[in-house]
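A short write-up of the structure that comes next.
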Amino acid sequence: MTMIEQDDLSYYTRREREERRLADKAAENCARKVHTRLADEYARRAQSALLRERIHEAPRRAKAPVENA
């Protein structure tokens, strides 16, 4: 995983946790919904960052030499 992608994944994961924490603490239903929506969006972005990395890494793995057993 490249440093930028790892930074993205770490950031999105951290923000998701924070928004869920804020949703749990929100006194008003409207605020709770906003924080939950933001958390869901950060979770989606984290998943996308992870998928991008897997797609990016696939060609490298395919080119790696195969060891004979």
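Read-outs: derived from the displayed coordinates by stated rules, not from any lab. Given the structure is predicted, the values throughout are model-derived calculations rather than measurements. Ideal geometry is used to build each Cβ from the backbone, glycine not excepted, and the neighbour counts take in all protein chains shown.
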Please list 3J(HN,Hα) in residue order for segment 28-35, calculated via the Karplus relation 6.51 cos²θ - 1.76 cosθ + 1.60 where θ = phi - 60°; whole Hz, with x for glycine and proline. 9, 4, 4, 5, 4, 5, 4, 5
Find how much the distance from GLU18 to ARG44 grows on full extension, using 0.36 nm per residue of separation minus their present alpha carbon separation; answer in nm with one decimal. 7.9 nm
Taking the highest mean first, how do the peptides 21-31, 7-17 order by number of other beta carbon atoms within 10 angstrom per residue? 7-17, 21-31
Estimated FRET transfer efficiency (ALA26, ARG54; beta-carbon r; R0 35 Å; 0.05): 0.55
